[in-house]
Amino acid sequence: MSEIWQLSASELAQRIARRQLSSVEVVDAHLARIDEVNPALNALVRVLADEARAGAVLADKKLAAGEAVGPLHGVPFTVKENIDMAGLPTTWGVPALAQAVVPADAPVVERMRAAGAIPIGRTNLPDMALRVHTHSSLHGLTRNPWHPGRTAGGSSGGEAAALASGMSPIGLGNDIGGSLRNPANACGIASIRPSAGRVPDAGYVPAEDRLLAVQLMNVQGPMARRVSDVRLGLRILMGAHPRDPWSIDAPFDGPLLAKPIRVAVVPEPPGGSTDPKVAATVRRAAQALTEAGYVVEEACPQRYEDAVNCWTRLIMGDFGSVLGMLASMMGPDANAFVNNFNETVPPLADVAAWSHLMVERDGIARAWSTFMADRPLLLSPTWTQLPFEHGFDAATPAGTAATKELMRPVVPANLLGLPSACVPAGRDEATGLPIGVLVTGRRLREDLCLEAAEAIEARLGLATPIDPMR
């Protein structure tokens, strides 16, 4: 029989509902697992042991009383520390915000609680979530469970490491430049960046009113070890919320499409190099989809490199207005990464340049939409290289440039507001590191992305959680 901490969120919910396990047993098992492995990984930066145990006792009482319960009743979950939780600081990984206590839960935390889930801990992230390597000047370095010398990804790296090692069965992260998918790739778990507006995004820190790039490209989303749990989490989180005026209500399942569904495959995305091992993994994932009844063809959307470059200019052009303030809050490595990154991006000179950028974004979106009209899904690498050694991204301008290049497959979905799921599809034999692939879809077709991701998982998925390599 599996250890309790090895079970998926869905399995835990089912066993609790059937009285095969109590919520107290489940929470205690995960707290014990945190005690066992977190010292080696530093994935959780605040353990909510007392609160979680009290929540589990209450959950068991509600079940015993015959009360109606939600789909994650009694199941623990973790929350990235740039997502608001009432009465706790939203630190964004920096000392300056260590005491930034907020008055209310973010909508995604509110909805997880309403589904019966119990917060068990807060997870690490890089300074202000502005790095794809999780090293916080407040909380320190998070290590990858598969390889202690390689990055866990970022910015939701603490969340991914906690899930991969069994400290949590499901968790919450966010994504403006791959931050749900970068660490899922590095740590061998599953995640989805939802379509723009699908899941509400609202918070108090650093400010309630958001930069334009955040409004257009940032999303909140679920992370888990199994695609089925990611789907369950998304169903819980989605829907309009008054605190996010751009969030929408839309059905999870879209219109039925004629079968077989066509998938465009991009094993070696334009704009840079791709490790042959990564490209081979994408092709194996394509074969898995063929075996599952999809029609696959190697084809690339028009203006792929334009999409990557447009994302880069939009995010750096917009964050340029606050980089001076952020620099005073961030540590030297985070500042080095952001400054090196910024040096590679042509500045937006004036209002006309901003207007032209938005026009360009519209044209790229149209090109991709036309391409995906008869190819509803796009299969690609998540990163085009294996996860790098700690600090590589910030140590030199060349390292930053290489990091920018390897993450290029994740950012078109941010620019265009598309759903994009990451799923493990293999491991590198030499390093033992996992290799994930992306399934990106038409807007609001998370259902198609997750179905395809599940087909890949069924044939190529990894056995997780794991004991951390030391």
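The values are calculated or read from the model by the stated rules, or taken from the named source; none is laboratory data. Source: prediction; values computed, not measured. Because the Cβ atoms are built from the backbone with ideal geometry, glycine has one as well, and the counts that use them run over all protein chains shown. These area figures cover heavy atoms from the full protein model, side chains too; ligands, DNA and RNA do not enter into them. Shrake-Rupley method; radii C 1.70, N 1.55, O 1.52, S 1.80 Å.
Is it the case that Pro409 is crowded, with 24+ Cβ neighbours inside 10 Å and touching a residue at least 60 places away in the same chain (Cβ under 8 Å)?
The answer is yes for Pro409.
Test of understanding: among Ala367, Ala413, Ala373, which residue is touching a Ser or Thr at 6+ places or on another chain (Cβ under 7 Å), outside any strand (DSSP E or B) and modelled with pLDDT of 95 or more?
Ala413
I want to confirm something. Restricting to the stretch 178-203 and keeping residues that are outside any strand (DSSP E or B) and among the hydroxyl-bearing types (Ser, Thr, Tyr), which single residue is farthest from Leu379 (Cα to Cα)?
Going residue by residue through the stretch 178-203, those that are outside any strand (DSSP E or B) are 178-189, 194-203.
Still in the list and also among the hydroxyl-bearing types (Ser, Thr, Tyr): 179, 195.
Working: Ser179: 18, Ser195: 17 Å.
Ranking the qualifying residues of the stretch 178-203, first place goes to Ser179.
When the stretch 287-307 is examined, which residues are found to be in a helix (DSSP H, G or I), open to solvent by 30 Å² or more (accessible area, probe 1.4 Å), out of contact with any Gly (no Cβ under 6 Å at 6 or more places or on another chain) and not β-branched (Val, Ile, Thr)?
If the condition is that a residue be in a helix (DSSP H, G or I), open to solvent by 30 Å² or more (accessible area, probe 1.4 Å), out of contact with any Gly (no Cβ under 6 Å at 6 or more places or on another chain) and not β-branched (Val, Ile, Thr), then Gln287, Glu291, Asp306 are the ones that fit.
Yes/no matrix, rows are residues, columns are (1) among the aliphatic types (A, V, I, L, M); (2) under 30 Å from Ser137 (Cα atoms); (3) in a strand (DSSP E or B); (4) open to solvent by 20 Å² or more (accessible area, probe 1.4 Å):
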site	(1), (2), (3), (4)
Ile248	yes, no, no, yes
Ala264	yes, no, yes, no
Thr274	no, no, no, yes
Lys277	no, no, no, yes
Ala285	yes, no, no, no
Asn309	no, yes, no, yes
Leu314	yes, yes, no, no
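Regarding the stretch 153-160, can at least one residue be identified that is assigned to a strand (DSSP E or B) and out of contact with any Ser or Thr (no Cβ under 7 Å at 6 or more places or on another chain)?
no
Can you name the residue in the stretch 318-364 that is of a type in the set (Gly, Ala, Ser), assigned to a helix (DSSP H, G or I) and at pLDDT 95 or above and, of all such residues, is surrounded by the most Cβ atoms within 10 Å (Cβ to Cβ)?
Result: Ala334.
Among the listed residues Asp60, Asp35, which satisfies the condition of being part of a helix (DSSP H, G or I), without any contact (Cβ under 8 Å) to a residue 12 or more places away in the chain, surrounded by fewer than 22 Cβ atoms within 10 Å (Cβ to Cβ) and more than 17 Å from the chain's Cα centre (by Cα)? Write out each step before concluding.
Numbers: Asp60 fails: without any contact (Cβ under 8 Å) to a residue 12 or more places away in the chain.
Every option except Asp35 fails the conditions.
Restricting to the stretch 90-117, what's the tally of residues that are surrounded by fewer than 17 Cβ atoms within 10 Å (Cβ to Cβ) and on the phi > 0 side of the Ramachandran plot?
Total meeting the criteria: 0.
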